[in-house]
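Undergrad: After the structure tokens below, expect a handful of questions from me.
The values are calculated or read from the model by the stated rules, or taken from the named source; none is laboratory data. Keep in mind that what you see is a predicted model, and the values were worked out from it rather than measured. Note that each Cβ is placed from the backbone with ideal geometry, even for glycine, and that neighbours are counted across all protein chains shown. Heavy atoms of the whole protein, side chains included, go into the accessibility calculation; ligands, DNA and RNA do not. Shrake-Rupley method; radii C 1.70, N 1.55, O 1.52, S 1.80 Å.
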Amino acid sequence: MRFTEFNFHPDLLEGIQSSNYEIATPVQEQVIPPILAGKDIIASAQTGTGKTAAFLLPIIHRLLQNESTGNVRALIIVPTRELAIQIAQHLEGLTYFTSISSLAVYGGSDANNFVGEKKALQMGADIIICTPGRFIAHLNMGYVSIKGLQFLVLDEADRMLDMGFQDEINRIITQLPAKRQTLLFSATMPPKIRSLAKQILVHPVEVNIAISRPPEKILQRAFVVYESQKLPLTKYLLTKTSYKNALIFCSRKQNVKVLARMLKQNGFNAEEMHSDLVQSQRENVLNTFTSGRVPILVATDILSRGIDIDTIDLVINYDVPRDGEDYVHRIGRTARAEAEGMAFTLVGEKEQNSFAAIESLIDKEVEKAVLPHFLGAGPDWHPRKKSTTPKSKKKFYKPRRGQR
Ligand code: AMP
């Protein structure tokens, strides 16, 4: 379906065209009409499916039907600052030719930020994108006018509950007008999301796009290694693979720091991203990465969701992620929109069971790649928890020793 068929406001259509969107993605096709019709939504959709525009476009269109009131008319709650910034940028592009104002409220470590946000909130904005803790802090001060709120969006709701934001979300919701349209997006639908949905949605339309599987166009490979082989293998992969931007994930920030340092010492142009950096440092690092000045970024799962950089074509999981959803999100950082990408996972000896569980979740046996000769043999692949893939395919699991 083409965007011209939705009867969007002409100023919005201009923003859509200048964002180079022509055809709606499946989630957009399913979600936009009921939102335009005023329905509540519960949608399971991963990042990479176009879910952000799926809720932004109909909200912008509906807001354009009425004059701006100077008060908050739509509130989008997200789990992380990075996602808030990204949605704000997305929104800026789509509303460029309109009078809609928006503001991202995600905090930062210094008091100046709070004061700046306070001033902006007092001036008012049509759409606010916020992280829960920070917004509740402002809300408690009494200067945020949300009486005229029409839309509430909870994005990546499963992630927010995993991060312990349930209380904050509840506290925000109790202060919102009961008569509003609520849209809930979540990559997964565990029971706690269902019960949240029951509390806050009214006769929602259910849309199910997400499957916990990475897009087929991502080439996935796993390397079964000893811990000591991870660094030389990473250097080898970064040297032998051709890529524009490589994102390397480690599960702990300590590992991020060590790996980034080792790579730099070995002549690689790499930066690091983790929660010890203050907001301005994070933004600088992201800028150098997205602009291509630094092609390699080593990061914690802080970057596994939401971040949308078109040029990432290589993801390396230096550590196996803790759960399958994180794996899907991490490797989903590559092959955004039309691009293709590669995702390599280094599976240490103690990580084999976790990786087999991930294979079960994504219902795919990831091909175990042969190690480069200079590394010598790695351990055998023998996870306790077998993946669910039929036995006939198991031969891929175990490269013969001589071949590694
Ligand atoms: P999201 O799932 O919202 O993170 O979006 C993933 C990427 O797809 C972003 O780079 C969007 O700008 C892009 N995108 C969203 N909708 C469309 C569309 N209809 N056509 C082309 N690209 C899109």
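Undergrad: Given the residues 62, 2, which is the only one that is touching a residue at least 60 places away in the same chain (Cβ under 8 Å) and open to solvent by 10 Å² or more (accessible area, probe 1.4 Å)?
TA: Details: 2 fails: touching a residue at least 60 places away in the same chain (Cβ under 8 Å).
On inspection, the qualifying residue turns out to be 62.
Undergrad: Next question, about the same structure. Search the stretch 150-186 for residues being free of Cβ contacts under 8 Å to residues at least 40 places away in the same chain and touching a Gly at 6+ places or on another chain (Cβ under 8 Å), and hand back the single one that is farthest from residue 133 (Cα to Cα).
TA: 177
Undergrad: Applying the selection to the stretch 132-167, what residues are within 20 Å of the chain's Cα centre (by Cα), of a type in the set (Asp, Glu) and at pLDDT below 95?
TA: 156, 158, 162 - these are the residues of the stretch 132-167 that are within 20 Å of the chain's Cα centre (by Cα), of a type in the set (Asp, Glu) and at pLDDT below 95.
Undergrad: Residues in the stretch 54-61: is at least one under 20 Å from residue 187 (Cβ atoms) and modelled with pLDDT under 95?
TA: No, the stretch 54-61 contains no residue that is under 20 Å from residue 187 (Cβ atoms) and modelled with pLDDT under 95.
Undergrad: Just give me the residues in the stretch 14-48 being surrounded by fewer than 19 Cβ atoms within 10 Å (Cβ to Cβ), aliphatic (A, V, I, L, M) and within 13 Å of the ligand (Cβ to nearest atom), in sequence order.
TA: Residue satisfying the conditions is 23 alone.
This table checks each residue for (1) assigned by TED's automatic domain parsing to the domain that holds residue 231; (2) loosely packed, with under 13 Cβ neighbours inside 10 Å; (3) under 26 Å from residue 187 (Cβ atoms).
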| residue | (1), (2), (3) |
| --- | --- |
| 249 | yes, no, yes |
| 256 | yes, no, yes |
| 262 | yes, no, no |
| 287 | yes, yes, no |
| 292 | yes, yes, no |
| 298 | yes, no, yes |
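Undergrad: Go through (1) at pLDDT 90 or above; (2) among the β-branched types (Val, Ile, Thr); (3) open to solvent by less than 90 Å² (accessible area, probe 1.4 Å) for residue 188 and report which single condition fails.
TA: (1)
Undergrad: Taking residue 278 as meeting all but one of (1) surrounded by fewer than 16 Cβ atoms within 10 Å (Cβ to Cβ); (2) in contact with a strand residue (DSSP E or B) (Cβ under 7 Å, 6 or more places away or on another chain); (3) among the β-branched types (Val, Ile, Thr), write down the number of the exception.
TA: So residue 278 meets the others, but not (2).
Undergrad: A further question on this structure: Looking only at the stretch 211-227, decide whether some residue is at pLDDT 95 or above and farther than 24 Å from residue 321 by Cα.
TA: Scanning the stretch 211-227 turns up no residue that is at pLDDT 95 or above and farther than 24 Å from residue 321 by Cα.
Undergrad: Given the stretch 182-265, what strands (runs of 3 or more DSSP E) lie entirely inside it while holding 1 or more residues that are more than 21 Å from residue 296 (Cβ to Cβ) and not β-branched (Val, Ile, Thr)?
TA: 205-208
Undergrad: Moving on to the next point. For residue 347, indicate whether it is over 14 Å from the mean Cα position of the chain (by Cα), among the hydrophobic types (A, V, I, L, M, F, W, C) and outside the structural domain of residue 21 (by TED's automatic domain parsing).
TA: Considered against the rule, which asks whether it is over 14 Å from the mean Cα position of the chain (by Cα), among the hydrophobic types (A, V, I, L, M, F, W, C) and outside the structural domain of residue 21 (by TED's automatic domain parsing), residue 347 comes out as yes.
Undergrad: Would you confirm whether or not the stretch 76-94 contains a residue that is closer than 20 Å to residue 184 by Cβ and open to solvent by 60 Å² or more (accessible area, probe 1.4 Å)?
TA: There is no residue in the stretch 76-94 that is closer than 20 Å to residue 184 by Cβ and open to solvent by 60 Å² or more (accessible area, probe 1.4 Å).
Undergrad: Return the residues of the stretch 205-219 that are touching a helix residue (DSSP H, G or I) at 6+ places or on another chain (Cβ under 7 Å) and within 24 Å of residue 309 (Cβ to Cβ); say none if nothing qualifies. Break it down stepwise before answering.
TA: Pass one, the stretch 205-219, residues touching a helix residue (DSSP H, G or I) at 6+ places or on another chain (Cβ under 7 Å): 205, 207, 209, 212-214, 218.
The answer is 209, 212, 213, 214, 218.
Undergrad: Restricting to the stretch 18-43, what's the tally of residues that are farther than 22 Å from residue 193 by Cα and either among the polar types (S, T, N, Q) or not assigned by TED's automatic domain parsing to the domain that holds residue 150 (or both)?
TA: Selection size over the stretch 18-43: 4.
Undergrad: Here's another thing I want to ask about it. Name the single residue, out of those in the stretch 50-76 being within 16 Å of the ligand (Cβ to nearest atom) and aliphatic (A, V, I, L, M), that is nearest to residue 99 (Cα to Cα).
TA: Per the stated criteria, the residue is 60.
Undergrad: Residue 388 is checked against (1) in the same structural domain as residue 239 (by TED's automatic domain parsing); (2) among the β-branched types (Val, Ile, Thr); (3) at pLDDT below 90 and fails just one. What number does that condition carry?
TA: Failed condition: (1).
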